[in-house]
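A short worksheet on the structure shown next.
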Amino acid sequence: MSAHCDPGGAQAGSTATAERPMVALVGAPNAGKSTIFNALTGLRVKTGNYPGVTVGRSQGSCTLPDGTAVDVEDLPGTYSLEPISIDERIVVDLLHGRLDGVGEPGAVVVVADATTLRTSLRLLAGVLALGRPTALVLSMHDELVARGGRLDLDRLARAVGIPVVIADGRKRSGAAELRDLLPGWATWTAPVVAPPTDPEGCTSWIGSVLTTAGYSSAQESALTARIDRVLLHPVAGVAVFFAVMFGFFQTIFALAAPAQDAIGTGIERLATAVTGTFGDSAPVRLVSDGLLGGVGGVLVFVPQIALLFVLIAALEQVGYLSRAAFLMDRVMALAGLEGRAFVALLSSFACAIPGIMATRTMPSARERLATMLSVPLVTCSARLPVYTLLISMLIPADARWAGMSARGATMFGLYLLGAVSMMLAARVATLVGGARHTLMPFTMEMPPYRLPALRSVVVAVWLPVKGFLHKMGTVIVASTIVLWALLNLPVQSAAELRSHGVDPGDGSAVAAYTMEHSVAAGIGRAASPVFDPLGFDWRTNVAVISSLAARETFVATMGQITAASDPSDPSQALEDTTFDRGPHAGEPVFTSATLAALLVFFVYALQCMATIATLRRETGGWRWPLTVFGAYFALAWAMAFLAHTAVGAFA
Amino acid sequence: MSGTTRSLVELPAGASATVVGLSDDAEPHVARRLVDLGLVPGTEVTVVRRAPLRDPTLYRFADTAMCLRAAQARLVTVRLSVAAAVAPRAGVTVA
């Protein structure tokens, strides 16, 4: 570490408690902070949450021209250091060096959009009052000039009393000037007197700074105004919005499917190769079915997550996400949320995992938590096979309601039920959260349309995929193996099988027998008192338990348990299934009432280990995932009981 | 120029006005945020457009395009600026 970079020699009494000095990036939302962060740190970035809160955190490191390294902290966007939300509280606490588990910043870099400098100077005034070494970085300077504005950098630097540089995060070399400036942070100039922070004093300080710097505002972007006249139009804009969202949904739903199928097929081939090489014994099947199944269960989400983040990053950088949020804000307000929650809601129709991860774009921690906790109720693609099977058993193919296919109408109704339930759950979550936090006013900047930066898109895709594989992969693999073991242990010997009249050579008969005598079957029978009122028998309970690995597993498990000839289409075998013991012995299990109860159960139950693992990562602990798992299980049971009673009364 | 004061939320799309101050009804943290965004006395505000369901509304002030819900726009007291209300928005005419 060079002498002038040594925190011990820093001016203004600033010290870094970490081994490496930390530079904090502060700026308004949309100031271009994250692109400058990416240009400084590249892919050497860790993402996660600040300790104990759902506020997203990005940390990276940067090697400076003098060979020293600094940690760079990309703070949540904020307009001022008078915090009114948890996110802004984090910014203020970190800048004051009083955030537990996070070091004290050696230097602060304020990132300001040159075209909206007026607004950013108010934040700068607050930062200068802290007395830490501070520099001002201007983004979008080229845009200011292109739109007819101007600004004299040297005079601006004199007026604010600190170093000022230009950076363009959209170019690889964009942060070069900032990188050259950083090693000398301990000797940066500071204003003789910190600017006033009271509203009136600050306003006149801003006026004098802008005058001194010869600042003239950029014209409103003519192109943006023209595009907005279409994209925000009450009719055309809404039509474009639905077209974009349809394309968005199609991409993550349909385009990811071939890649997911390829992963599934590849894993299956690998499993077959493993059993072919090492023989078909229980330890081998633990690897071929349990371990490989678990790895496949992780990888299968990657295409969806990657595609989702490509789309979100591109739409956000172009500026369309703000427009979509503007159009949808009134609708989302019904759920106590704001327009920006819409992307998470939409993504969740494909899968709750990318949906929960998409909440990272939401600036308010309170609404982000409410969205994360409620989106698992949206009908994800994994529910589709379950619904298809149960609806085909419940409703005859030729049934018509008011001329519509009754099956189609029921499917639509289930999607609607999921969406409405999500909105209600979010409403409850914001009300509960609202009791503890002050209500945030809704403000959202509408940036001009801009070309996306490829670099930032790559980073925006790579980080969530890496985080998913790294943090959730282990939980998903482990839970899949445990579930496999529950469903397949203890191992039945050939002699044991023969003594019960099962041919050890008949694979599906062995599978059915093993499952019927497995640990999970024991749990399924033990759970009978809980599920009896819903009309489930022990086999249904086992399938419900197995669906924790992934909801669609329900279909295959029902097939295996009932020893259906084709486990992926077990409807005929299921229709013939009768209670094998107890007071209902001999009666069919899958009555209309039970099928309706199962359908409703799957609408509400958080029957997905991967979602629980994602919630644990995104909320930073087990508290919320376990709370919502319990709450949604109770809700699912109650609603299924209602459905069972209601349908039972009519049938 | 003598103008009548009214709430920002009452202005039609396309109108311009000058901020006079904030309503006393504004909670301190909301008022502070509006000031942070640049809604201080003397700031020119233009109503750009309303969302299809009437809320929120897109405004232009302090060189920034900003969406506010009616709940917040209601708290901003403005004085109609006659000249600005007649002139078209400056940027639109620039090719």
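The values are calculated or read from the model by the stated rules, or taken from the named source; none is laboratory data. The structure displayed is predicted, hence computed values, not measured ones. Neighbour counts run over all protein chains shown; Cβ positions are idealised from the backbone, glycine included. Protein only, heavy atoms only, side chains kept; ligands, DNA and RNA dropped before computing areas. Shrake-Rupley method; radii C 1.70, N 1.55, O 1.52, S 1.80 Å.
Within the stretch A:218-268, restricting attention to residues that are closer than 26 Å to A:Ser381 by Cβ, hydrophobic (A, V, I, L, M, F, W, C) and open to solvent by 70 Å² or more (accessible area, probe 1.4 Å), which residue is nearest to the other protein chains (Cβ to nearest Cβ)?
By that ranking, first place goes to A:Phe242.
For the stretch A:285-360, give me every one of the helices (runs of 4 or more DSSP H) that falls completely inside it and has 3 or more residues that are more than 14 Å from every other protein chain (Cβ to nearest Cβ) and within 25 Å of B:Ala71 (Cβ to Cβ).
A:342-347
For A:Val26, are the conditions met, namely being under 25 Å from A:Gly184 (Cα atoms), crowded, with 17+ Cβ neighbours inside 10 Å, within 14 Å of chain B (Cβ to nearest Cβ) and modelled with pLDDT of 90 or more?
yes
For A:Pro376, only one of the following conditions fails: (1) more than 30 Å from B:Val35 (Cβ to Cβ); (2) open to solvent by 10 Å² or more (accessible area, probe 1.4 Å); (3) in contact (Cβ under 8 Å) with a residue 24 or more places away in the chain. What is its number?
Against the list (1) more than 30 Å from B:Val35 (Cβ to Cβ); (2) open to solvent by 10 Å² or more (accessible area, probe 1.4 Å); (3) in contact (Cβ under 8 Å) with a residue 24 or more places away in the chain, A:Pro376 comes up short only on (2).
Which numbered condition trips up A:Leu486, out of (1) closer than 30 Å to A:Leu231 by Cα; (2) away from chain B (no Cβ under 14 Å); (3) not in a loop (DSSP other than H, G, I, E, B)?
All conditions pass for A:Leu486, except number (1).
Just checking, how many residues over the stretch A:459-506 are within 18 Å of A:Val302 (Cβ to Cβ), among the β-branched types (Val, Ile, Thr) and open to solvent by less than 60 Å² (accessible area, probe 1.4 Å)?
Count: 7.
Consider the stretch B:19-42. How many of its residues are of a type in the set (Asp, Glu) and within 9 Å of chain A (Cβ to nearest Cβ)? Steps first, answer last, please.
As a first pass, look at the stretch B:19-42 and keep what is of a type in the set (Asp, Glu): B:24-25, B:27, B:36.
Now restrict to residues that are within 9 Å of chain A (Cβ to nearest Cβ): B:27, B:36.
Residues meeting the conditions: 2.
Could you list, in sequence order, the residues of the stretch A:73-86 that are open to solvent by less than 10 Å² (accessible area, probe 1.4 Å) and either over 26 Å from A:Thr197 (Cβ atoms) or within 14 Å of chain B (Cβ to nearest Cβ) (or both)?
Within the stretch A:73-86, the first condition is being open to solvent by less than 10 Å² (accessible area, probe 1.4 Å), and the residues that meet it are A:73, A:75, A:78, A:80.
A:Thr78, A:Ser80, listed by residue number.
Please go through the stretch A:101-113 and give me each residue that is open to solvent by less than 10 Å² (accessible area, probe 1.4 Å) and more than 10 Å from chain B (Cβ to nearest Cβ), ordered by number.
Those that are open to solvent by less than 10 Å² (accessible area, probe 1.4 Å) and more than 10 Å from chain B (Cβ to nearest Cβ): A:Pro105, A:Gly106, A:Ala107, A:Val108, A:Val109, A:Val110, A:Val111, A:Ala112.
Look at the stretch B:43-53 and say how many of its residues are at the interface with another protein chain (Cβ under 7 Å from one of its Cβ atoms) and part of a loop (DSSP other than H, G, I, E, B).
3
Could you check A:Pro196 against (1) assigned to a helix (DSSP H, G or I); (2) touching a helix residue (DSSP H, G or I) at 6+ places or on another chain (Cβ under 8 Å) and say which number it fails?
Just one mismatch for A:Pro196, condition (1).
Is one or more of the residues making up the stretch A:43-52 outside any helix (DSSP H, G or I) and buried (at least 20 other Cβ atoms within 10 Å of the Cβ)?
Kept after step one, since they are outside any helix (DSSP H, G or I), are these residues of the stretch A:43-52: A:43-52.
Narrowing further to those that are buried (at least 20 other Cβ atoms within 10 Å of the Cβ): A:50.
Yes, there is a match, as at least one residue in the stretch A:43-52 is outside any helix (DSSP H, G or I) and buried (at least 20 other Cβ atoms within 10 Å of the Cβ).
Of all residues in the stretch B:55-73 being at the interface with another protein chain (Cβ under 7 Å from one of its Cβ atoms) and not in a strand (DSSP E or B), which is surrounded by the fewest Cβ atoms within 10 Å (Cβ to Cβ)?
Ranking the candidates gives B:Asp55 first.
When you scan the stretch A:407-419, how many residues do you find that are within 20 Å of the chain's Cα centre (by Cα) and either surrounded by fewer than 19 Cβ atoms within 10 Å (Cβ to Cβ) or more than 24 Å from A:Ser392 (Cα to Cα) (or both)?
1
Just name the residue that is farthest from A:Leu123 (Cα to Cα) out of those in the stretch A:199-213 that are in contact with a helix residue (DSSP H, G or I) (Cβ under 6 Å, 6 or more places away or on another chain) and open to solvent by less than 20 Å² (accessible area, probe 1.4 Å).
Checking each candidate, the answer is A:Ala213.
So which residues in the stretch A:1-23 are in a loop (DSSP other than H, G, I, E, B) and at pLDDT 80 or above?
In the first step, residues of the stretch A:1-23 are kept if they are in a loop (DSSP other than H, G, I, E, B); the result is A:1-2, A:6, A:10-21.
Correct list: A:Arg20, A:Pro21.
Please enumerate the residues belonging to the stretch B:3-30 that are loosely packed, with under 14 Cβ neighbours inside 10 Å and under 16 Å from A:Glu82 (Cα atoms).
Those that are loosely packed, with under 14 Cβ neighbours inside 10 Å and under 16 Å from A:Glu82 (Cα atoms): B:Glu27, B:Pro28.
Please go through the stretch A:356-373 and give me each residue that is β-branched (Val, Ile, Thr) and either out of contact with any Ser or Thr (no Cβ under 7 Å at 6 or more places or on another chain) or open to solvent by 10 Å² or more (accessible area, probe 1.4 Å) (or both), ordered by number.
Selection gives A:Thr361 alone.
Residues A:Val209, A:Val193, A:Val160: which one is without any contact (Cβ under 8 Å) to a residue 40 or more places away in the chain, more than 10 Å from every other protein chain (Cβ to nearest Cβ) and farther than 24 Å from B:Val48 by Cβ?
When all the criteria are applied, what remains is A:Val193.
Checking the conditions here, which among A:Leu574, A:Leu598 is surrounded by 14 or more Cβ atoms within 10 Å (Cβ to Cβ), at pLDDT 80 or above and under 16 Å from A:Ser392 (Cα atoms)?
A:Leu598
Could you tell me whether the stretch B:31-42 includes any residue that is charged (D, E, K, R), open to solvent by less than 50 Å² (accessible area, probe 1.4 Å) and assigned to a helix (DSSP H, G or I)?
Yes, some residue in the stretch B:31-42 is charged (D, E, K, R), open to solvent by less than 50 Å² (accessible area, probe 1.4 Å) and assigned to a helix (DSSP H, G or I).
Run A:Leu424 past the list (1) open to solvent by 30 Å² or more (accessible area, probe 1.4 Å); (2) over 24 Å from A:Glu338 (Cα atoms) and report the number of the one that doesn't hold.
The number of the failed condition is (2).
Counting just the residues of the stretch A:441-468 that are within 22 Å of A:Thr224 (Cα to Cα) and in a helix (DSSP H, G or I), which one comes out farthest from the other protein chains (Cβ to nearest Cβ)?
A:Leu454
Given the criterion out of contact with any Ser or Thr (no Cβ under 8 Å at 6 or more places or on another chain) and open to solvent by 10 Å² or more (accessible area, probe 1.4 Å), identify the matching residue among A:Phe326, A:Phe301.
Criteria check complete, one pass: A:Phe301.
Suppose we filter the stretch A:379-406 for residues that are touching a Leu at 6+ places or on another chain (Cβ under 8 Å) and surrounded by fewer than 16 Cβ atoms within 10 Å (Cβ to Cβ); how many remain?
Result for the stretch A:379-406: 0.
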